[in-house]
Protein chains: 2
Amino acid sequence: MDASESPGVTEGVDALTLTTPGDGKVEKVPNGVEATEDDSDVVDPWNVASTNDEGIDYDKLIKRFGSSKIDEELIARFEKITGKPVHHFIRRGIFFSHRDFHTILTLKEQGKPFYLYTGRGPSSGSLHIGHLIPFYMAKWLQETFDVPLVIQLTDDEKSLWKDLKIEEAIKLAYENAKDIIAIGFDPEKTFIFNDLDFIGKCPAMYQNMIRIQKCVTFNQVKGIFGFGDSDIIGKISFPAVQAAPALSSTFPFIFTGKKPVHCLIPCAIDQDPYFRMTRDVAPRLGFPKCALIHSSFFPALQGAKSKMSASEQNSAVFLTDTPKQIKNKINKYAFSGGRATVEEHRKLGGNPDVDVAFQLLKFFLENDNKLEEVRVAYKNGDMLTGELKKLAIEAVSPIVEEHQKARKALTDETVAKYFEIRPLKFAN
Amino acid sequence: MDASESPGVTEGVDALTLTTPGDGKVEKVPNGVEATEDDSDVVDPWNVASTNDEGIDYDKLIKRFGSSKIDEELIARFEKITGKPVHHFIRRGIFFSHRDFHTILTLKEQGKPFYLYTGRGPSSGSLHIGHLIPFYMAKWLQETFDVPLVIQLTDDEKSLWKDLKIEEAIKLAYENAKDIIAIGFDPEKTFIFNDLDFIGKCPAMYQNMIRIQKCVTFNQVKGIFGFGDSDIIGKISFPAVQAAPALSSTFPFIFTGKKPVHCLIPCAIDQDPYFRMTRDVAPRLGFPKCALIHSSFFPALQGAKSKMSASEQNSAVFLTDTPKQIKNKINKYAFSGGRATVEEHRKLGGNPDVDVAFQLLKFFLENDNKLEEVRVAYKNGDMLTGELKKLAIEAVSPIVEEHQKARKALTDETVAKYFEIRPLKFAN
């Protein structure tokens, strides 16, 4: 899974594959053949790219994927049922799309159980700040709903897709887990697993993989993911591995009852194809369709249309960066919506919508009033790019610093606790 | 795996797929399209059929599969190194083909380690006598070489291919295991596992599956197994599951050293496509190519060209049949090579090569002299079909009876011992 990786990760855009809502038909075929419609955006689990400075057109994406917009009505119901304001990621449209979220709210209303599932494909040892988004959301949802959370690290996927040995992929999964744990998940309600170990420790998981693999044909994964005849067979059957955790019986040690438990998945929208497939299969196996809330993509420092790569040190703020590195990177590389000269900027104002420093604030500055002040000041020219970047640095630096402290404090025992196959505590 | 099932099993011959040696090119395409050459024989892991009364042309098959004939020279070397006569299955050409068996003999000669691997796809609760052949051979090889033996029950395969629920497939695997154990394998040197449980208990197995799935493309399994676009993704990736046990690191609890251990696979020749693929992949993963010895197919009662089906009570002698049922079945259904009338038979003689009663003796009558006497007497008309059938009944009945006794004596504890993940004892 790449739920946490996708924001900003847009590497390898040679295979242009656009998937359509529902029916899983392919609009673009793989191997670099261009799409006949909507050439500007490419969104699938391995590629995210746009030719537009403001990035992906998310309204179009909702239409294409057949999901639903997170609208005022949903937010109002959410706040009414939980009795607290929604997370600023939802308020600000960073999580902008959903499937069946109303069902989850109804379950909450009725005091019925459900669980959260998210994950990450561990392709690099060091996460960047964009990777935090779905996990921040998962943590907030876990606290808000008081439900169990399972986190899948798809080291098998990364071994299949990248030039990664099994042993290296497992090591990366373990390193990434530390970053995830440092975010502060409740150990009594959170189970973290990496496929290359867990599948060999839980017969229920492999059995569900087979159940799912029995319901999906090559034609279907070809349509949904753009796989071709020259793809390795590991890729072709992998979607079942990412689907299985959305069936509660995959975790018999957590869900001890016989009744299937609903599942809510916070993830970046590029992961939706996996769960469209899962939602198609689940009812045939006697399970409810998983619900989803989708995030937009985290912009690369060079701007929302350019690709951010974990292998390019200067395209992202890593969780391992020093305060000095963060300052330098944002000052030097963050795409600016400002004008060419100070005079022009004062006169015409900047464009916060394409300004990466402002986007960073949108993600990490919690205070709505402060954010709006900055937006207005930048837009009307009162605030210069340098000042805006300073604010972004001030917002990002302490987050990274705190994270490093929390990660450093982790012992192997603490990490092992999250990986332990065990019952979780939850109020149901 | 269907190593033990294939003798005589010729069900579902609608997909005509003939695979070529080495390069894995398909001579016949699936979905019922006829082959352009050699229309008489169909041999793949799911289909075995011939239009010839004497059954498959095995010399042609060796040529087509690119394997080697078990010849006098190999047998002589075998007997020299082991210091005992070869099994009558080898002497009589029932095991007729091999790959790299000389390598195994050299290892034996040098006192170097290797292990045996065979298996069965548990598609029915009751085995028939044909299913015994590869296991009899495995037992004899284990005793002769004093090496560990792993037996895979591919309940996942059967669940994917047949209309079998996961739970039912596991139950069949367990029932079949009892029949296998009743054959008398040394519990200290034999490990039996069913995929649907074992893969969830041994991370090394799943990790090797992924390693293999990374080396094989859809194009390749299409060529080797005849899979098509409308096949389920579980089928497409399954060959890796049958390949993994041929890599010794799949069993870290048995093979504790770091050095890869050679593997010898006794199986029916229809399973060869799996291991051609395995032999292609193994060196790329740092493992030696598995060696193989191939058996011919066990004839259906109705004759070597007709199909034997576990669902047709009268086409096979089951290990659950009573002496009376065996007698009736052989008398009533066993295809006869005799003449239309006694007079004609006395004058012209019978044809032992197509006579199923004689074939049964070839499999189960150990005494070579006695077998040759019968053959000559039948061929020159001294022996009538009724007499030959009586001999076949006398050969088969005690085997089935003994088997039933041994199976009945098995306790759950004994069975569990074979499934236990544990070190095996062997002289290396």
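Against the numbered list (1) of a type outside the set (A, V, I, L, M, F, W, C); (2) outside any helix (DSSP H, G or I); (3) surrounded by fewer than 20 Cβ atoms within 10 Å (Cβ to Cβ), A:Lys370 comes up short only at (2). Looking only at residues in segment A:233-254 that are surrounded by fewer than 23 Cβ atoms within 10 Å (Cβ to Cβ) and of a type in the set (A, V, I, L, M, F, W, C), which one is nearest to the other protein chains (Cβ to nearest Cβ)? The selected residue is A:Phe253. Any residue at all in segment A:387-410 that's within 25 Å of A:Asn176 (Cα to Cα), part of a loop (DSSP other than H, G, I, E, B) and touching a Ser or Thr at 6+ places or on another chain (Cβ under 7 Å)? Scanning segment A:387-410 turns up no residue that is within 25 Å of A:Asn176 (Cα to Cα), part of a loop (DSSP other than H, G, I, E, B) and touching a Ser or Thr at 6+ places or on another chain (Cβ under 7 Å). Screening B:Leu384 on (1) of a type in the set (A, V, I, L, M); (2) buried (at least 17 other Cβ atoms within 10 Å of the Cβ); (3) within 21 Å of B:Thr320 (Cα to Cα) shows it passes everything except condition (3). Here is the figure for segment A:209-229: residues that are within 7 Å of another protein chain (Cβ to nearest Cβ) and of a type in the set (A, V, I, L, M, F, W, C) total 4. Please find, within segment A:189-208, the residue that is surrounded by the fewest Cβ atoms within 10 Å (Cβ to Cβ) out of those that are over 23 Å from the mean Cα position of the chain (by Cα) and either facing chain B (nearest Cβ under 8 Å) or within 19 Å of A:Val415 (Cβ to Cβ) (or both). The selected residue is A:Lys201. When segment A:89-112 is filtered for residues that are basic (Lys, Arg), in a loop (DSSP other than H, G, I, E, B) and over 19 Å from the mean Cα position of the chain (by Cα), only A:Lys112 remains. Tallying residues that are of a type in the set (A, V, I, L, M), over 15 Å from the mean Cα position of the chain (by Cα) and either within 18 Å of B:Asp270 (Cβ to Cβ) or surrounded by fewer than 19 Cβ atoms within 10 Å (Cβ to Cβ) (or both) within segment B:131-163 yields 1. Selection of segment A:375-423 for residues being in contact with a strand residue (DSSP E or B) (Cβ under 6 Å, 6 or more places away or on another chain) and hydrophobic (A, V, I, L, M, F, W, C) yields only A:Phe419. The requirement of being touching a Phe, Trp or Tyr at 6+ places or on another chain (Cβ under 6 Å) and either of a type outside the set (Gly, Ala, Ser) or within 21 Å of B:Pro134 (Cα to Cα) (or both) is not satisfied by B:Ile166. A single entry from B:Phe318, B:Phe297 fulfils the requirement of being in contact (Cβ under 8 Å) with a residue 60 or more places away in the chain, assigned by the TED database to the domain that holds B:Phe275, of a type outside the set (Ser, Thr, Tyr) and on the phi < 0 side of the Ramachandran plot: B:Phe297. Just one of the listed residues (A:Gln313, A:Gln302, A:Gln242) is polar (S, T, N, Q) and within 24 Å of A:Phe227 (Cα to Cα), namely A:Gln242.
Quick check on this structure: which one of B:Ile224, B:Ile181, B:Ile210 is closer than 29 Å to A:Ser249 by Cα and assigned by the TED database to the domain that holds B:Ala240? That would be B:Ile210, the only listed residue that is closer than 29 Å to A:Ser249 by Cα and assigned by the TED database to the domain that holds B:Ala240. The set of residues from segment B:70-91 being within 20 Å of B:Asp272 (Cβ to Cβ) and surrounded by fewer than 16 Cβ atoms within 10 Å (Cβ to Cβ) comprises just one member, B:Asp71. The residue list A:Asp179, A:Asp155 contains one member that is within 14 Å of another protein chain (Cβ to nearest Cβ) and of a type in the set (Asp, Glu), which is A:Asp155.
The values are calculated or read from the model by the stated rules, or taken from the named source; none is laboratory data. Values in this document were obtained by computation on a predicted structure and should not be read as measured data. We place every Cβ from the backbone using ideal geometry, glycine too, and count neighbours over all the protein chains shown.
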